[in-house]
1. Compare the peptides 188-197, 18-27 by average per-residue count of other Cβ atoms within 10 angstrom and give them in order, highest first.
2. Mean-square fluctuation check for the chain, GNM, Cα pairs under 10 Å: which of 257, 151, 206 is largest?
3. With runs of 4+ DSSP H residues as the only contributors, calculate the mean residue ellipticity of the chain at 222 nm using -39,500 (n - 2.57) per run, divided by the residue total and rounded to the nearest 500.
4. For the chain, list the DSSP H helices whose alpha carbon atoms reach 18 Å or more along the long axis and whose average Kyte-Doolittle value is 1.0 or above?
5. Please identify every one of the chymotrypsin sites (Phe, Trp or Tyr not before Pro) in region 161-267 that sits in a loop by DSSP and has no more than 10 other beta carbons within 10 Å of its own beta carbon.
6. Taking 0.36 nm per residue of sequence separation and subtracting the Cα-Cα distance, how much length would be gained by fully extending the chain between residue 17 and residue 134, in nm to one decimal?
7. Hey, of (i) 21.7, 69; (ii) 27.1, 97; (iii) 23.0, 78, which did the structure itself give for Rg and Dmax of the Cα atoms in Å when calculated?
8. Quick one: plug the Kirkwood hydrodynamic radius of region 41-198 (C-alpha pairs) into Stokes-Einstein at 4 °C, 1.567 mPa s, and report D in µm²/s.
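Please treat every number below as a calculation from the coordinates, not as lab data. The structure displayed is predicted, hence computed values, not measured ones. Heads up, the Cβs are rebuilt from the backbone with ideal geometry, glycines too, and the neighbour counts pull from every protein chain shown.
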Amino acid sequence: MATKGFNVRKQTGFNSIAMFCFVMLYLPIILLVIYSFNAGESIAVWEGFSWRWYVSAWENEKVQDATIRSLIIATCASLIATSAAVLAALATTRVKPWRGQTLAFALVNQPLMVPEIVTAVALLIFFAMVKVATGYTGLAYLIVAHSAFCIPFAYMPIRARLQGMDLNLEQAGADLYGTPVKVFRHITLPQLWPGILAGAMLAFVISLDDVVITEFVKSAGQDTLPTYMLGQLRRVITPEINAISTALLAVSVLMVIAFFLLNRTRK
């Protein structure tokens, strides 16, 4: 007689534990969204429905400045990280195996393995030395820092896309005397675009939401939206923070959904 396979869903208590985990994960987020529409100033006492705090956040000049700064940094970091990730993915998937390839893969993914606080402290020390030597205190430090830790997030979907692509078309192009540049431009790149866009969006979201590295690297007057929110939490907490958080959540969810739609395997 054939034995039945193991099914984790039929194990005692699995459904209860799964539901408990989902409730603990999503209930705080649901409450955050609900209380962003609170008419009162309390973040815990419901006083009626209102768009008051969304209007307040929209008209807040500090929020506007922080949002623009966040978008500039995230856009630049996404472009730089994605460009570097494409080159790294090509170097680790579209070449013959070479000595040190595994080490290169590990170095590209290093920001995922090292605690973020360690990276933040290292960047703080390094950029402090650069600031003393050059006197420059602009946004370039934040852009470079964000680009560095966003590379592996862009690299993963691009590399996965390359690994899933058939080499026959590229080999056919090479057999027809196509140069490596022409083969990449006319054959590889059109197929790789979904992975590149997915990686760019993922890097953008990671940069937009970052707090730890930004808090260590930024200079005075360079608050991004997450660090502005952190500063407000240390002073007076109002539902305006809920409204900003909900807006950030909506952007992040939309970007992540687009990432999965672009990165899924198509028959």
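1. The most tightly packed comes first, giving 188-197, 18-27.
2. 257
3. Helix contribution divided over all residues of the chain: -23500 deg cm²/dmol.
4. On the way: long enough: 14-35 (31 Å, 2.25); 61-93 (47 Å, 1.08); 116-134 (26 Å, 2.07); 140-164 (36 Å, 0.86); 189-209 (30 Å, 1.41); 239-263 (35 Å, 1.82).
Helices passing the filter in the chain: 14-35, 61-93, 116-134, 189-209, 239-263.
5. Counting only loop positions with at most 10 other Cβ atoms within 10 Å, the chymotrypsin sites (Phe, Trp or Tyr not before Pro) in region 161-267 are 177.
6. In short, 36.6 nm is gained.
7. The value computed from this structure is option (iii).
8. Estimated diffusion coefficient is 67 µm²/s.
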